[in-house]
1. Please order 97, 73 by the number of other Cβ within 10 Å, starting at the fewest.
2. Past 20 Å, Cα to Cα: identify those pairs from 110/136; 110/133; 91/140; 91/139; 110/139, in the order given.
3. Rounded to the nearest 0.05, what FRET efficiency do residue 4 and residue 61 give with R0 = 22 Å and r taken as the Cβ-Cβ distance? Could you check?
4. In nm, give the distance between the simple-model label positions of residue 45 and residue 109, each being 7 Å from the Cα along the Cα-to-Cβ direction.
5. If the chain between residue 149 and residue 102 were fully stretched, how many nm would it gain, using 0.36 nm times the residue separation less the Cα-Cα distance?
Amino acid sequence: MAIVSESSEQITLVRRLRRAGIRCAAVPNGATLRGGAKEGARLKREGLEPGIPDLLIGFWFFRLGMRCSQHAYLILTPLGVEIFPFFNAHKNLQVLYWTQIAEAEVDSRKLIMHFSDQKNSGVVVSLRPILPKQRKLLKKAIEGRMEQTR
């Protein structure tokens, strides 16, 4: 069995992706441009394209991290609703028990859980990270659970 190099695997992957119409750009892993034309040709076959610096890719991941830090995950359990923030989850985790929640409202963008019938205290959770189809399921689950507690 022949040993396949990482370079040849990447070249094969880039070719397949491009044939499928998927644009991709490789980030060189420890490569230098001092290798001359031969090294440059190998990097080009591996998918390296001019104009996509490492800093741009780093910026994309930074923006993704900032977006994720603004939202939280929700888990519905038999005990209540668990809200997991992305940062410091061990400190900022919230569990809202069903016995605490007097009323809950779900609209297209947020979940509002009221702790009193007067609706003057509670928690508002953004639903933007959840797909619209999943929001409908969440709404149905919350409304079903609230019907059981009435």
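1. Details: 97 10, 73 14.
Least crowded to most crowded, the residues run 97, 73.
2. Beyond 20 Å: 91/140; 91/139.
3. The value I calculate is 0.15.
4. The modelled label-to-label distance comes out at 5.3 nm.
5. Values: separation 47, 0.36 × 47 = 16.92 nm, distance 0.87 nm.
Roughly 16.1 nm would be gained on extension.
Every read-out reported here was derived from the displayed coordinates using simple, explicitly stated rules and does not represent laboratory data. Keep in mind that what you see is a predicted model, and the values were worked out from it rather than measured. Ideal geometry is used to build each Cβ from the backbone, glycine not excepted, and the neighbour counts take in all protein chains shown.
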